[in-house]
Amino acid sequence: MISTESGSTDRRLQLAQCGSHWGEDISFGDSDHTGKDEWFETAVPGTIGLNGSEPGPGPGIVLKDIEHNPVEMVWTESLIGCMGLAIIGQDKDGKTDAFFAHARQYDRADAATTPDNPIHLAREFVKSHDNVRVFWGTDFIHGCRTAEDYSMAQVARENAQRKLSSDLGCWVRANDCLPSSSMTFLPKEGLLRQGKPLEVMGKLAKEDHLAEKKEFSDSKALKKFTPDTGILGRMEMHLAEIKMQRQSKMRLYHQDAKRDYKILILSQAIEAYRVGNIDVLRRYAQDAERNVGSFVDPKSVDAWHKTSGESVTARLVQDAFADARDKTRSMNTTGCGLREDGNDVHDYKEHARIVPSVISRAEI
């Protein structure tokens, strides 16, 4: 556990130097990284800084065996239009490794397949590790002034959540987003905090229930998700049928808007189901259950329209959500951060309340 003694003058003086030694005496030890040496700072003991201000894809680093690694904090700032990404996972030998990046070009279509893009290194990390925890964030609201600006920022946040989940190949939880331009990752604790190391250390010294917060964070670790091929196949077939109807010359043109929304929802739901993205699947499944539109346009509710019997689109997204929910909850004995209905466990306090009942039911 990181030392949070606020009275440690020497340590405070060390951390005050963060950001003053880019590219100096660089030493990565037993760490993999991507990016130029001058994009890193390793001279301050126990910390590694990542500079995302230089042109290019940005820096990323993998810290091996963090339990025995001297690095206590990894940090970055100037996250405006870029993405901060922190991941913890267990390697094949059961050792816990950590990944951290300042991804300047995370939103590129080829981010996950471009070798020098940190998103590619992150994807490889997720592939090679189990019990994965992903933290992410950037300053989505930078420059926002009007209600429309904030609405667009929320859309950008949702788009980033979907893209990161698909690129990394696992559920990147919406509630693990830190909307900030600067962040410090504490890999040993599994916590991401706003600010630079000196500021974070000072706040940690006054923060209560750190052990409980770590336990809650650890409970959200994900194992590999595999979709049900039957459900996935039916979703893909239904999407193909609707696309054919949309392109047919002999069609009821006044139903094009409904078809377009079905195509959009199914496309995003399929993408989400492949990687177990509960956030997207839950949204559409709950909208279908309540028969409400998923978008601002009132006509979007027509996506759940049924000609006879039940809506096939609604049933498919609900089946996908139910399967992803059940598989995710079974990834550990405490429900993996999800309630029985698939909604998120709110915080460490709720986690502490529900865990005893979850475990007792599992033992019956």
Residues of region 140-169 satisfying the condition of being closer than 13 Å to residue 280 by Cα and not aliphatic (A, V, I, L, M): 157, 158, 159, 161, 162, 163, 165, 166
Test: residue in region 62-84 that is closer than 16 Å to residue 21 by Cα, modelled with pLDDT under 95 and within 22 Å of the chain's Cα centre (by Cα): no
Residue check, residue 192 aliphatic (A, V, I, L, M), at pLDDT 95 or above and in contact with a Lys or Arg (Cβ under 9 Å, 6 or more places away or on another chain): no
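This table checks each residue for (1) surrounded by fewer than 19 Cβ atoms within 10 Å (Cβ to Cβ); (2) under 21 Å from residue 349 (Cα atoms); (3) among the aromatic types (Phe, Trp, Tyr).
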{"position": "183", "(1), (2), (3)": "no, no, no"}
{"position": "190", "(1), (2), (3)": "no, yes, no"}
{"position": "193", "(1), (2), (3)": "no, yes, no"}
{"position": "201", "(1), (2), (3)": "no, no, no"}
{"position": "205", "(1), (2), (3)": "yes, yes, no"}
{"position": "212", "(1), (2), (3)": "yes, yes, no"}
Those helices (runs of 4 or more DSSP H) lying entirely in region 140-253 with at least 2 residues closer than 28 Å to residue 302 by Cβ and in contact (Cβ under 8 Å) with a residue 40 or more places away in the chain: 147-168, 229-247
Residue among 164, 168 that is within 25 Å of residue 333 (Cα to Cα), of a type outside the set (Asp, Glu) and surrounded by 23 or more Cβ atoms within 10 Å (Cβ to Cβ): 168
Candidate set: region 317-336, residues that are touching a Phe, Trp or Tyr at 6+ places or on another chain (Cβ under 8 Å) and more than 23 Å from residue 290 (Cα to Cα); chosen: the one surrounded by the fewest Cβ atoms within 10 Å (Cβ to Cβ): 327
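This table checks each residue for (1) within 25 Å of residue 71 (Cβ to Cβ); (2) in contact with a Gly (Cβ under 7 Å, 6 or more places away or on another chain).
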{"residue": "210", "(1), (2)": "yes, no"}
{"residue": "218", "(1), (2)": "yes, yes"}
{"residue": "239", "(1), (2)": "no, no"}
{"residue": "247", "(1), (2)": "no, no"}
{"residue": "264", "(1), (2)": "no, no"}
{"residue": "271", "(1), (2)": "no, no"}
{"residue": "281", "(1), (2)": "no, no"}
{"residue": "289", "(1), (2)": "no, no"}
Filter result for residue 133 (within 23 Å of residue 274 (Cα to Cα), out of contact with any Gly (no Cβ under 8 Å at 6 or more places or on another chain) and in contact (Cβ under 8 Å) with a residue 60 or more places away in the chain): no
Subset of region 142-187 (residues that are small (Gly, Ala, Ser), out of contact with any helix residue (DSSP H, G or I) (no Cβ under 6 Å at 6 or more places or on another chain) and more than 23 Å from residue 61 (Cβ to Cβ)): 143, 147, 151, 153, 156
Qualifying residue in region 38-47 (condition: in contact (Cβ under 8 Å) with a residue 40 or more places away in the chain and either in contact with a Lys or Arg (Cβ under 8 Å, 6 or more places away or on another chain) or within 26 Å of residue 213 (Cα to Cα) (or both)): yes
Answer from 292, 280, 275 - the residue that is of a type in the set (A, V, I, L, M, F, W, C) and more than 20 Å from residue 161 (Cβ to Cβ): 292
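The values are calculated or read from the model by the stated rules, or taken from the named source; none is laboratory data. The model shown is predicted, which means the values in this text are computed figures rather than measured ones. Positions of Cβ are generated from backbone atoms using ideal geometry, with glycine treated the same way; all protein chains shown enter the neighbour counts.
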